[in-house]
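Have a look at the structure below before the remarks.
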Amino acid sequence: MGSEALVLLATAFLASATIAGGLLLLAPKRGWVAEPSRRGFHTKPTPTLGGLGFALPILAWLGWLSTQEPRFAGLALAVGGVGLIGLIDDLRELRWLPRLAAHCLAAALALWALSPDWPLWLLALALALSVWHTNLFNFMDGIDGLTGSACLFFCLAVQLLSGGAPGWLGDLLWVTAGGALGFLVFNWPPARIFMGDVGSLFLGLLLAAFAVQLIAQEILPATVCLILLTALWFDATYTLCVRIATHQRFTEAHRSHLYQKAAARHGQLWTTLAFLGYCLLWLLPLAWLAQTWPAYGWLWLVAAALPLAVAASLLRAGFPARGLTDSDQPTR
């Protein structure tokens with residue numbers, strides 16, 4: 001890590017921690033809190049909107065980049081727009097159709113800004129996956145420290161495996177890592193503030209944009225990006241498929257994700273630490289193998305998901321807890 005990277009990381013960390021800390025004091029006075037319920041893991045009103053802590057420094061950096069190259073304004077509008085939709089949804093619940101339409105528009109704008117030289121079918125696939133990743137980040141933001149840690153791991157792992165991503169991408173990865181770390185100061189179990197939809201949707205689309213750029217510029221293979229994000233996309237996708245296949249009301253919030261099942265048994269801190277251990281000790285070596293021997297990349301990807309598949313089967317991810325109906329499942 002060079003001195004410039006260290007400055008970016010430290011500046012974003014301080015800005016994020018300062019904003020999140022300020023929100024921690026302001027949110028209870030303005031009513032920006034997540035109330036406890038039998039459907040959640042928290043037991044007292046907890047401040048939310050903490051995702052503004054990392055979103056604002058990242059947007060500021062994108063704004064500075066756009067003064068040098070206008071296309072970055074498109075990326076800032078995309079991630080900032082989806083974050084704004086999340087902010088509105090945090091303050092007053094929006095209907096699912098306007099939310100989905102906004103997510104699609106934001107993902108399309110991000111792809112336009114990045115301008116990957118891909119055929120139409122691949123752009124359509126990237127659009128669909130970007131929208132899914134935006135939403136699954138929101139689905140997975142249900143326990144303390146999980147999504148912030150996922151973002152931090154991805155950014156640092158990409159820098160490590162790529163030997164330092166070049167140009168604006170490398171700088172933005174450092175800014176994002178610093179922002180996530182500053183937020184985790186207050187979100188680490190037991191969390192004092194939640195990121196809210198404003199943060200989870202913002203990160204979901206931003207990390208999807210990172211993956212598109214890494215693949216399009218041939219910095220890292222697609223399998224490496226998928227492996228690094230396995231813990232999130234596999235849990236969300238597996239759970240959704242089970243709920244659809246078993247005729248549950250899959251559009252409603254629930255408490256049947258694998259990470260939620262684990263947290264209900266072992267607690268949030270144990271689950272978040274287990275998640276980090278899985279990322280560092282399993283996903284990172286497999287991502288290195290996929291980079292070193294790309295011909296076997298899909299094999300390494302299957303290996304990455306295998307422990308989660310076993311755990312999801314054993315813990316009955318996607319199924320309501322025994323003795324509860326689907327409507328009894330929690331919203332957070």
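Could you let me know the centre-to-centre spacing of the stretch 90-134 and the stretch 141-172, using Cα atoms, in angstrom?
21 Å
Could you compute how fast the chain diffuses translationally, taking Rh as the Kirkwood radius over C-alpha pairs and applying Stokes-Einstein at 20 °C with viscosity 1.002 mPa s? Give it in µm² per second.
Using the Kirkwood radius from Cα pairs, D works out to 107 µm²/s.
Give, in nm to one decimal, the length gained when the segment between THR251 and SER313 is fully stretched (0.36 nm per residue of separation minus the Cα-Cα distance).
Full extension from THR251 to SER313 adds 20.2 nm.
For the chain, what is the calculated [θ] at 222 nm in deg cm²/dmol (nearest 500), taking -39500 (n - 2.57) for each run of four or more DSSP H residues and dividing by its residue count?
Roughly -23500 deg cm²/dmol at 222 nm, from the helical runs in the chain.
What translational D, rounded to a whole number of µm²/s, comes out for the stretch 1-146 from Stokes-Einstein when the hydrodynamic radius is the Kirkwood one over Cα pairs, at 10 °C and 1.306 mPa s?
Approximately 92 µm²/s, per Stokes-Einstein.
At a Förster radius of 35 Å, what calculated FRET efficiency corresponds to the Cβ-Cβ distance of LEU26 and ALA222, to the nearest 0.05?
For LEU26 and ALA222, the calculated efficiency is 0.25.
Within the stretch 73-115, list the trypsin sites (Lys or Arg not before Pro) lying in a DSSP loop whose Cβ has at most 11 other Cβ atoms in a 10 Å radius.
ARG92, ARG95
What does a probe at ALA274 reach in the stretch 179-198, counting residues whose amide N is under 20 Å from the point 7 Å along Cα→Cβ?
188-191
What FRET efficiency, computed as 1/(1 + (r/R0)^6) with R0 = 41 Å and r the Cβ-Cβ distance, is obtained for TRP118 and ARG92, rounded to the nearest 0.05?
For R0 = 41 Å, the calculated efficiency reads 0.60.
Return the sequence-ordered ³J(HN,Hα) values of the stretch 146-155 in whole Hz as given by the Karplus equation 6.51 cos²θ - 1.76 cosθ + 1.60 applied to θ = phi - 60°, using x for Gly and Pro.
Whole-Hz 3J(HN,Hα) from phi for the stretch 146-155: 6, 6, x, 5, 4, 5, 4, 4, 4, 4.
Where in the stretch 10-28 does the amide nitrogen come within less than 16 Å of the point 7 Å from the Cα of VAL185, taken along Cα to Cβ?
10-26
Once you place label points 7 Å from the Cα toward the Cβ at LEU281 and GLU4, how far apart are they in nm?
Going from the LEU281 label point to the GLU4 one covers 3.8 nm.
Quick one: which residues, 5+ away or cross-chain, put their amide H under 5 Å from the amide H of ALA34? H built at 1.01 Å from N.
Long-range HN contacts for ALA34: THR46, THR48.
The numbers here are math on the coordinates, done by the rules we state, and not lab data. Computed from a prediction, not measured in an experiment: that's the story for all the values here. Here the Cβ is made from the backbone with ideal geometry for all residues, glycine too, and neighbour counts use every protein chain on show.
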